[in-house]
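The block underneath contains the structure these notes are about, expressed in structure tokens.
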Amino acid sequence: MKKQSVIVKGWASFVLCAILMSGCVTEKEAAPNAGADNGSAPIEAKGDSIKVGILHSLSGTMAISEVSVKDAEMLAIEEINAAGGVLGKQIEPVIEDGASDWPTFAEKAGKLLQQDKVAAVFGGWTSASRKAMLPVFEQNNGLLFYPVQYEGLESSPNIFYTGATTNQQIVPSVSWLLENRGSKMFLLGSDYVFPRTANKIIKAQLTAEGGELAGEEYTPLGHTDFSTIIAKIKEAKPDIVYNTLNGDSNVAFFKQLKDAGITSKDMTTLSVSVAEEEIRGIGADILEGHLAAWNYYQSTDTPENKAFVDKYKAKYGADRVTADPIEAGYTAVYLWKAAVEKAGSTEVAKVKEAAKGIEFAAPEGKVTIDGDNQHIYKTVRIGEVQADGQFKELWNSGEPVKPDPYLKTYDWAKGLSGE
Amino acid sequence: MEMTILQVFNGLSVSSILLLIALGLAVTFGLMNVINMAHGELIMIGAYSTYVTQGLFTAYMPKSWFDTYFIAALLVSFVVAALIGWLLEMILIRHLYGRPLDSLLATWGVGMMLQQIARFIFGAPNVAVTSPSWLNGGLAITSSIVLPYKRLFIIVLVALVLTAMYLYIYRTVQGRRMRAVMQNRNMAGCLGISTRRVDGLTFAIGSGIAGIAGCALTLLGPIGPSIGTYYIVDAFMVVVLGGVGKLIGTVAGALGIGMFNTLFETYTSASIGKVLVFALIVAFLQWKPRGLVALRTRSLD
């Protein structure tokens, strides 16, 4: 039976390799395998309804975050339909599952545009999924509303970015930390495009604004043992840990940080991927006192937000929470509606033209579509986690910040956008 | 110096966690030769059992009893995961003995189904478990060396599970039957041992230990439908490196990977550290293809 054990082991190592490779592949920019055939299909509303696509991961690792965004988008569609629809027509959502797999996102985007002929698609979460969909939307001249904060340095004519770009989240939060919490900063992130790009920007900013880099560490996605990294943090003794970890690693990091005897009183941490939804999965007792930077919190005090939170909870359950990307998904549907009504058509070119300068009273406050780069003006907010799992706002930018995805208005950022 | 002491402890701790997640697999894969890709999901089941147990304690038990929920959860996790493992063996695995490729694909499929079922029942977002208060904090050796109680607890737990497994396999009648069946199924059957029952029981025990691992991991890591995928690669690595079929090999494999991983991570980064460990394992397996402790008594049949 020697042979069998060799075979068994052979297969085991094959599977290990397969798993490892699939881990790698998911982080690369996947080439779209849903090719576009012949350019733009004229999208006209037919009959009494207008089709729009909803394309999020409803299964797989990203489902944890994306299902809630889908729920918010469906809520917005339902509200608009109840109020008479768009251009007198009802919106008909076509829901597809991106399955946390970037080529699938590209394929489903192609299906939505070519087969369903949707007027617009609301979808995506990870930068990898957006980058996979981008060429599909450009080739088919479709319209994508992307609801998540991201690393900037992108501006596709076929995408509206309703989440923050770097100068609406990371850059102002770094400045605030340097002014209020000390100068020695430790950068910790997951090992993929968003944290690496974000940290490149932060390092340039630290140099320009008199900060000091205490260390920089990256972990594979899904990393669950932070003992060594915490030991390194202890040795580096930073004032601040700037945390760009994504997903489940945050749970492990904060649990183990607390066990190692480091609390928010000893050291400031600021996270850019920990929102209300993640707090529920980590435990508010563990996160209490730690900071986050976003454009919206469930606790944000606007009348629009009060109504939004009430409606969201009424529809999906009192135990559900809202968070920044959820709000950005909800806002995206309304921005699209406003643009379509102004254009009087769902034709992509007309909607894009009409979208310039459109304003909307979103739950986060007033937002405006920037005509140049199709991002939106957003207010920046720094919040502190409270014992009840909600944020208390410590600082905000006072007014919506103009989006600047290539950081052209910052001298120190020259050379960053070169690629 | 302090960093060194801390890192030796961290290395031990990482090893103990690796050993805990690999022990169940050492039974199902190591002894039974089933490439059990659903092992990670059995860990997940253990984690969710802990979550449910905690919920029940909060709802039905006096508040002062809350801290004891974790002990109950360890037992519940073992029983629930063992039951599901036993069912799995009854329905599926027993048709697949001696067919490594089929069992690989089938258990992979089962793993995905279990993930999706967890998503239906508990929802896609992670859930939180409050760890018992007696495990909060740590043992302060000096001001900068704090050994978290949770990590110490896991080291003790692994030692206990390992001892129990050793006693069961090598010191009881059932254990002897198990070894007999794993070494030579036909001969054991001829001598009157019900190999079917032994198979079911062995697989259930392996699964139950995965459940215990899941329970313990709620102390340190996330609890969600896809957590199994984070641990499965490490678990296979430990068993393959250690040498299939011997418990002591699994222990050696876990210690080796844990210590080297921590060492490399200290001087490079988490990503590079992992790459170096894998490179080392691949190189080692070139030299000794059968792992650290190469003993396959099955070669008789």
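Annotations
- B:Ala235 being part of a helix (DSSP H, G or I) and farther than 19 Å from B:Asn10 by Cα: no
- The sole residue among B:Gly258, B:Gly243, B:Gly228, B:Gly249 that is more than 8 Å from chain A (Cβ to nearest Cβ), farther than 22 Å from B:Thr163 by Cβ and open to solvent by less than 10 Å² (accessible area, probe 1.4 Å) is B:Gly228.
Yes/no per residue for (1) at pLDDT below 90; (2) at positive phi; (3) open to solvent by less than 10 Å² (accessible area, probe 1.4 Å); (4) assigned to a helix (DSSP H, G or I):
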position: B:Tyr168; (1), (2), (3), (4): no, no, no, yes
position: B:Arg177; (1), (2), (3), (4): no, no, no, yes
position: B:Met182; (1), (2), (3), (4): yes, no, no, yes
position: B:Leu201; (1), (2), (3), (4): no, no, no, yes
position: B:Cys215; (1), (2), (3), (4): no, no, yes, yes
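- Test: B:Val293 is within 14 Å of chain A (Cβ to nearest Cβ), β-branched (Val, Ile, Thr) and over 22 Å from A:Gly222 (Cβ atoms): yes
- Under the condition of being open to solvent by 10 Å² or more (accessible area, probe 1.4 Å), away from chain A (no Cβ under 11 Å) and at pLDDT below 95, the residues counted in the stretch B:27-53 number 1.
- Only listed residue being assigned by the TED database to the domain that holds A:Asp71 and either open to solvent by 10 Å² or more (accessible area, probe 1.4 Å) or not in a loop (DSSP other than H, G, I, E, B) (or both), chosen from A:Arg196, A:Arg130: A:Arg130
- Residue under evaluation A:Glu216, criteria (1) in contact (Cβ under 8 Å) with a residue 60 or more places away in the chain; (2) open to solvent by 30 Å² or more (accessible area, probe 1.4 Å); (3) more than 30 Å from A:Met74 (Cα to Cα); (4) in contact with a Phe, Trp or Tyr (Cβ under 8 Å, 6 or more places away or on another chain), criterion not met: (1)
- Any hit, the stretch A:309-326, residues being surrounded by fewer than 24 Cβ atoms within 10 Å (Cβ to Cβ) and either assigned by the TED database to the domain that holds A:Asp248 or acidic (Asp, Glu) (or both): yes
- Scan of the stretch B:132-155 for residues that are under 21 Å from the mean Cα position of the chain (by Cα), touching a residue at least 40 places away in the same chain (Cβ under 8 Å) and facing chain A (nearest Cβ under 8 Å), ordered by number: B:Lys150, B:Arg151
- When residues of the stretch B:84-101 are limited to those that are in a helix (DSSP H, G or I) and open to solvent by 60 Å² or more (accessible area, probe 1.4 Å), the one nearest to the other protein chains (Cβ to nearest Cβ): B:Leu101
- Lone qualifier among B:Ala59, B:Ala73, B:Ala118 - being within 14 Å of another protein chain (Cβ to nearest Cβ) and either more than 30 Å from A:Ala99 (Cα to Cα) or crowded, with 21+ Cβ neighbours inside 10 Å (or both): B:Ala118
- Tallying residues that are polar (S, T, N, Q), open to solvent by 20 Å² or more (accessible area, probe 1.4 Å) and closer than 21 Å to A:Ser65 by Cα within the stretch A:236-272 yields 1.
Matching residues to (1) in a loop (DSSP other than H, G, I, E, B); (2) open to solvent by 10 Å² or more (accessible area, probe 1.4 Å); (3) away from chain B (no Cβ under 14 Å):
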| position | (1), (2), (3) |
| --- | --- |
| A:Val274 | yes, no, no |
| A:Arg280 | no, yes, no |
| A:Gly289 | yes, yes, yes |
| A:Gln298 | yes, yes, yes |
| A:Asp301 | yes, yes, yes |
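- Residue count for the stretch A:224-235, restricted to those that are open to solvent by 20 Å² or more (accessible area, probe 1.4 Å) and either more than 7 Å from chain B (Cβ to nearest Cβ) or within 24 Å of the chain's Cα centre (by Cα) (or both): 2
- The condition of being open to solvent by less than 50 Å² (accessible area, probe 1.4 Å), touching a residue at least 24 places away in the same chain (Cβ under 8 Å), within 30 Å of A:Ser299 (Cβ to Cβ) and in a loop (DSSP other than H, G, I, E, B) holds for only one of A:Leu407, A:Leu416, A:Leu335, that being A:Leu407.
- Some residue of the stretch B:6-17 being open to solvent by 60 Å² or more (accessible area, probe 1.4 Å) and in a helix (DSSP H, G or I): yes
- Subset of the stretch B:33-83 that is assigned to a loop (DSSP other than H, G, I, E, B) and over 28 Å from B:Met237 (Cβ atoms) - its residue that is nearest to the chain's Cα centre (by Cα): B:Met61
- Scanning the stretch A:236-264 for residues that are in a loop (DSSP other than H, G, I, E, B) and in contact (Cβ under 8 Å) with a residue 24 or more places away in the chain gives A:Lys237, A:Pro238, A:Asp239, A:Leu245, A:Asn246, A:Gly247, A:Asp248, A:Ala260, A:Ile262, A:Thr263, A:Ser264.
- Unmet criterion (only one of (1) more than 20 Å from A:Gly222 (Cα to Cα); (2) touching a helix residue (DSSP H, G or I) at 6+ places or on another chain (Cβ under 8 Å); (3) open to solvent by less than 30 Å² (accessible area, probe 1.4 Å); (4) β-branched (Val, Ile, Thr)) for A:Thr104: (2)
- Scanning the stretch A:107-127 for residues that are farther than 20 Å from A:Asp191 by Cβ and not in a helix (DSSP H, G or I) turns up A:Gln115, A:Asp116, A:Lys117, A:Val118, A:Ala119, A:Ala120, A:Val121, A:Phe122, A:Gly123, A:Gly124.
The values are calculated or read from the model by the stated rules, or taken from the named source; none is laboratory data. Predicted, not measured: the structure shown is a model, and the values here were computed from it. Every residue, glycine as well, gets a Cβ built from its backbone with ideal geometry; the counts of neighbours run over all protein chains shown. Ligands, DNA and RNA are excluded from the accessible area calculation, which covers all protein heavy atoms including side chains. Shrake-Rupley method; radii C 1.70, N 1.55, O 1.52, S 1.80 Å.
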